[in-house]
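Below: one structure, written as structure tokens.
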Amino acid sequence: MGMKSGSLQLLFLIFFFYLQTIKLSTCYKSVNGGCIEIEKKALLNFKQGLTDPTGRLSSWVGENCCMWQGVSCNNKTGNVIKLKLRNSFPNSFGINGTGQSIGGEINPSILDLKYLSYLDLSMNNFGGIQIPNFLGSLTNLRYLNLSGAFFGRTIPPNLGNLSSLLYLDLSSYFDDSNVNDLRWISSLSSLKYLNLGGVDLSKAASSWLQIINMLPSLLELHLPQCVLLNLPPSLPSINFTSLSVLDLSNNGFKSTIPQWLFNLSSLTQLDLNSNNLQGEVSDAFTKLTSLQNLDLSQNSFIGGQLSRNLGKFCNLQMLELSFNNITGELTEFISGLSECPSSSLQTLDLGYNQLTGNLPNTLGYVKKLQYLILWNNMFQGPIPNSIGNLSSLEELYLSNNQMMGSIPQNLGQLSSLVVLELSDNSWEGVGTEAHFANLSNLREISIYNRSPNISMIFNISSDWIPPFKLTFIKIRSCQLGPKFPTWLRNQSELNTLVLVNARISDTIPDWLWKLDLQLSELDLSDNNLSGHVPNSLRFNVFSGVDLSTNNFEGPLPLWSSNVSTLYLHNNLFSGPIPLDIGEVMPHLTDIDISSNSLNGSIPMSIGKLNAITTLAISNNQLSGEIPDFWINMPDLYFIDVSNNSLSGIIPISMGSLKFLKFLYLSKNNLSGELQSALQNCTAMETIDIGDNQISGYIPSWIGERMPSLLILRLRNNSFTGNMPSQICSLSTLHILDLSQNNLSGIIPPCLGNLSGMKSVLNMNTEQYEGSLQVVAKGSIMEYKDTILYLVNVLDLSSNDLSGNIPEELTSLFQLVTLNLSMNQLTGRIPENIGNMEQLETLDLSKNKLLGPIPPSMASLTFLNYLNLSYNNLSGKIPTSNQFQTFNDPSIYEGNLALCGLPLLTKCIDNVGPTPTETKEAANDEDKFEMLWLSISIGLGFFTGFWGVCGTLIIKKHWRDAYFHFLGKSKDWIIVFVSRHAYRMTNKLYM
């Protein structure tokens, strides 16, 4: 008698009820030829208290109540013993949206059904009324099911009077039922099945296990999502040893697995998922030798590789450990499974962990495996060749790992395979017909290469006819082209068609449109497809279309109202946006038709898209004004109409977009001032209205009302006045571009408080959409949303700012670009500018800065663009670190007192003169020369005069000869003296 498990007993019990139902329902005669009269009246009174919008109880007429729908009687006595009114279609919608649910109130007349043993009112809608206390008086009840019927908050404790009850299901996931005390359950000593799923048991959490332990006959216990929180670590003794099914999922225990659990030797199913359980997955589970299904997913289990002993758990049919923190390799565990004489494992789910290593070749020995789920780990290497031995495999999930290599051809032997998910790895090699030869049951295939670089090529004959009929195909960054794959021409059941970056350079063949597919997703983006797109495509509700980055031309296509996301950007579509787009496709939530050749104005019908969240129509040739229709778009958070020819003012109704985060209006002809209504957009993260004609002051409310602002770009407009100091309170701001305006005044020192430029932003916490142009490294650079969080820019260039460069700016440690050029700034470059260690671009040109280049600038080791030209800087140019790479003299030109390489001006004694020092030195040198010249002339005159005159006075014959000579040569002497005097005079005054 090895098959005496609790689940079989429960199955027998339910089967018994079923046979009795069939047997009794075929008996229409009681001893009186019909049902008991008092019971018929009780049923009619019961019906009178109910609401029955779809007439499910319309058969409750006539004398014989045993023939009424849902009623069963004892074939001997005629007593009603079963009332089965379960709603079999709870998700359908009928009159008043209630489906086939009955509701209303439970009439006490039901107590007249004294032999009632089976009552099922499940999956109906009783609108929150309380479970009647009098149900506890139906003492013959063996089966009571009120699950999912929207009964009210409390469960009456007098249900404990139903001592004969075998089956009790009060699960309620749709209301907020709760139980203050569970002690009444201990009276149900015969109970075999108990389900209180979704009932709030938090007030009874301290005693729930002790009470359940008093039910010795219990076979199945279901307490999921009951807010228990407390999982007692021990029990003095265990009475419910017959338990075969235990479901304690979604309670949040935050503890380790208790040891008493491993003494429940009859368990066949154990579900502990979503509880934040901790510790390792212990080998102790192998004590539960009858266990077939084990679900420990969505917890906090950690540890190394799963052990070989756990793999030898040969009776296990389902093991779910997904969403944990399990590390290590899989080799030992799979080897243990392969050692089982006949492993029963059918489902292995280890997804969303941190498992590493290669998949072992022994995987092929687990031959009963049907579902292998290993996605979102860190597995490496190829798919083992032994995968072809898993002939029962139906679903294979290996996506988002680090696997690589060729996909083995014997994958094509898995004739039972339905789902093949290989996305986000690094596959390579060639895929041929052999990879799919026997996959006759395949319905879903997904192969994405992690990198956009194509390393896997499909080489499939144009006349190959696949053995499968796919409903779902996603292939990305694998070569299918250059021709459109003809093996898709018989795939008439597709609802998802994704062929992205597949190097297809072709027109879409007519046979694809003639397949008359009804699609949920169509994505042919990033190819080189051309031609016109027809309007005849059909789509399911909430479908997505992405034909972006191709060469499609002609007018924008319009499809059915079921399309919700529409991406047609980067194509050659032309003509106007259809005027009725908002009426034909009213359920659009996302539109991106940017970077085409669209013209005309923005249609007013777009204002009817009240479910829209993103609107991108940038980089077209649109003209006219931006319509004032934004008030009916409560969920819109992204607007990009940049780079068109739009004019007029920014609409006031944009201020009603309370969830707006990204506003791109740049490169248009917009004018007027910033509307004050925009201050209501308090969720704003990016404002880009650059390259327009917006005027007026920069409003202070930008800093006061938009605390989450990350990017503020107002460049190339006509703003005037001072920079508002309120901008300094934007703690997350990391791109501030106010260049090319008419701003005046000083640079606010409080800009040094912009903490977004002091720390590294986290891409996971800061989400960006759209792209942005900034001036960096001397040119305009465009940054995509994926790297915008790395860009820290302060650009105040081309204004009329004056005063010093605030020393406080040097605390912006993560700033990458600082541009203060073309202003009226004076004073020195801050000495501590070297603290800005991340600077790559520094432009201070065309100001009135003076003094030397600070030595600390040599610490800017990331600096690769520098411009200090046209200032009044002086001294020697530094030569260490990055300055050795700045060999272009133009970055220093216009600073006459700078010296050293790369300039031609050499420094004297390694010290460069300032302009003042140069002038003073020149004046001192002139004065010194004039002094020595005067002294020389005086000495010369004195020596010459007395040397000649003194001799003449003393010696008479010399005196006579002199006067004789003088008389004959007086003309020549006069000329000589005159010329000498002229030369000396010129030298004195040059």
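The values are calculated or read from the model by the stated rules, or taken from the named source; none is laboratory data. Given the structure is predicted, the values throughout are model-derived calculations rather than measurements. For neighbour counting, all protein chains shown are included, and Cβ atoms are generated from backbone atoms with ideal geometry for every residue, glycine included.
A single member of 520, 446, 505 is hydroxyl-bearing (Ser, Thr, Tyr) and buried (at least 19 other Cβ atoms within 10 Å of the Cβ), and it is 446. The residue pairs whose first member lies in segment 501-518 and is without any contact (Cβ under 8 Å) to a residue 60 or more places away in the chain, whose second member is of a type in the set (Asp, Glu), and whose beta carbons are closer than 9 Å, counting only pairs six or more residues apart or on different chains, are 501/526; 502/526; 517/493. The set of residues in segment 244-268 that are closer than 24 Å to residue 317 by Cβ and either without any contact (Cβ under 8 Å) to a residue 24 or more places away in the chain or in contact with a strand residue (DSSP E or B) (Cβ under 9 Å, 6 or more places away or on another chain) (or both) comprises 244, 245, 246, 247, 248, 249, 257, 261, 264, 267, 268. Of all residues in segment 416-460, those that are more than 26 Å from residue 376 (Cβ to Cβ) and either β-branched (Val, Ile, Thr) or out of contact with any Pro (no Cβ under 9 Å at 6 or more places or on another chain) (or both) total 6.
Given (1) assigned by TED's automatic domain parsing to the domain that holds residue 588; (2) within 31 Å of the chain's Cα centre (by Cα); (3) modelled with pLDDT under 95, where does residue 548 come up short, assuming only one miss? Just one mismatch for residue 548, condition (3). Kindly evaluate residue 355 against the criterion of being in contact (Cβ under 8 Å) with a residue 12 or more places away in the chain and closer than 15 Å to residue 322 by Cβ. Criteria met by residue 355. Would you please name the residue that is nearest to the chain's Cα centre (by Cα), looking only at residues in segment 174-194 that are closer than 18 Å to residue 154 by Cα and surrounded by 20 or more Cβ atoms within 10 Å (Cβ to Cβ)? Here the residue is 177. Among the residues in segment 454-464, are any of a type outside the set (Ser, Thr, Tyr), under 29 Å from the mean Cα position of the chain (by Cα) and not assigned by TED's automatic domain parsing to the domain that holds residue 543? Looking through segment 454-464, at least one residue is of a type outside the set (Ser, Thr, Tyr), under 29 Å from the mean Cα position of the chain (by Cα) and not assigned by TED's automatic domain parsing to the domain that holds residue 543. Among the residues of segment 694-708, the one identified as polar (S, T, N, Q) and in contact with a strand residue (DSSP E or B) (Cβ under 6 Å, 6 or more places away or on another chain) is 695.
In segment 524-556, how many are crowded, with 19+ Cβ neighbours inside 10 Å and at negative phi? Residues meeting the conditions: 16. State whether the residues of segment 739-752 include one that is within 29 Å of the chain's Cα centre (by Cα) and of a type outside the set (Val, Ile, Thr). Scanning segment 739-752 turns up no residue that is within 29 Å of the chain's Cα centre (by Cα) and of a type outside the set (Val, Ile, Thr).
The condition of being under 21 Å from residue 832 (Cα atoms) and touching a Gly at 6+ places or on another chain (Cβ under 6 Å) holds for only one of 853, 877, that being 877. Put simply, of 688, 635 the only residue that is surrounded by 18 or more Cβ atoms within 10 Å (Cβ to Cβ) and not hydroxyl-bearing (Ser, Thr, Tyr) is 688.
Give segment 579-599 a look and list any residue that's part of a loop (DSSP other than H, G, I, E, B) and either among the hydroxyl-bearing types (Ser, Thr, Tyr) or in contact with a helix residue (DSSP H, G or I) (Cβ under 7 Å, 6 or more places away or on another chain) (or both), or say none. Listed by number, the residues that qualify are 579, 580, 586, 589, 594, 595. Among the residues making up segment 811-827, those that are under 37 Å from the mean Cα position of the chain (by Cα) and either surrounded by fewer than 21 Cβ atoms within 10 Å (Cβ to Cβ) or part of a loop (DSSP other than H, G, I, E, B) (or both) are 811, 812, 813, 814, 815, 816, 820.
Within segment 319-357, restricting attention to residues that are within 20 Å of residue 417 (Cβ to Cβ) and among the polar types (S, T, N, Q), the residue that is modelled with the lowest pLDDT is 343.
Cβ-Cβ contacts under 7 Å between residues 6 or more apart (or on different chains), taken from a first residue in segment 868-888 that is more than 24 Å from residue 824 (Cβ to Cβ) to a second residue that is among the polar types (S, T, N, Q) and surrounded by fewer than 18 Cβ atoms within 10 Å (Cβ to Cβ), are listed as 876/910; 881/861; 882/861. Does segment 530-565 hold any residues that are hydrophobic (A, V, I, L, M, F, W, C) and assigned to a strand (DSSP E or B), and which are they? Answer for segment 530-565, where residues must be hydrophobic (A, V, I, L, M, F, W, C) and assigned to a strand (DSSP E or B): 539, 541, 542, 545, 552, 563. In a residue-by-residue description of segment 60-83, the property of being closer than 22 Å to residue 196 by Cα, touching a residue at least 60 places away in the same chain (Cβ under 8 Å) and crowded, with 20+ Cβ neighbours inside 10 Å applies to no position.
Taking the criterion of being assigned to a loop (DSSP other than H, G, I, E, B) and within 16 Å of residue 804 (Cβ to Cβ), the residues of segment 828-845 that qualify are 828, 829, 830, 844. Scan segment 22-49 for residues that are outside any loop (DSSP other than H, G, I, E, B), surrounded by fewer than 21 Cβ atoms within 10 Å (Cβ to Cβ), at pLDDT 85 or above and out of contact with any Phe, Trp or Tyr (no Cβ under 9 Å at 6 or more places or on another chain) and the total you get is 5. Considered as a group, the residues in segment 498-544 that are in contact with a Phe, Trp or Tyr (Cβ under 7 Å, 6 or more places away or on another chain) and among the β-branched types (Val, Ile, Thr) include one that is modelled with the highest pLDDT, and that residue is 504. The set of residues in segment 260-294 that are small (Gly, Ala, Ser) and either surrounded by fewer than 19 Cβ atoms within 10 Å (Cβ to Cβ) or closer than 18 Å to residue 348 by Cα (or both) comprises 265, 274, 279, 282, 284, 290. Is it fair to say residue 297 is within 37 Å of the chain's Cα centre (by Cα), closer than 30 Å to residue 203 by Cβ, surrounded by 18 or more Cβ atoms within 10 Å (Cβ to Cβ) and touching a residue at least 12 places away in the same chain (Cβ under 8 Å)? Against the criterion (within 37 Å of the chain's Cα centre (by Cα), closer than 30 Å to residue 203 by Cβ, surrounded by 18 or more Cβ atoms within 10 Å (Cβ to Cβ) and touching a residue at least 12 places away in the same chain (Cβ under 8 Å)), residue 297 qualifies.
Quick grid of which residues meet (1) modelled with pLDDT of 95 or more; (2) crowded, with 21+ Cβ neighbours inside 10 Å; (3) in a strand (DSSP E or B):
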residue	(1), (2), (3)
642	yes, yes, no
646	yes, yes, yes
678	yes, yes, no
684	yes, yes, no
693	yes, no, no
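Suppose the filter is modelled with pLDDT of 90 or more and touching a helix residue (DSSP H, G or I) at 6+ places or on another chain (Cβ under 6 Å); does residue 852 pass it? So residue 852 fails the test. Filtered by the rule that a residue be modelled with pLDDT under 95, within 15 Å of residue 329 (Cα to Cα) and of a type outside the set (A, V, I, L, M, F, W, C), segment 361-383 gives 361, 362. Looking at 369, 363, 417, 355 in this structure, which one is touching a Gly at 6+ places or on another chain (Cβ under 8 Å) and buried (at least 17 other Cβ atoms within 10 Å of the Cβ)? So the residue among 369, 363, 417, 355 that is touching a Gly at 6+ places or on another chain (Cβ under 8 Å) and buried (at least 17 other Cβ atoms within 10 Å of the Cβ) is 355.
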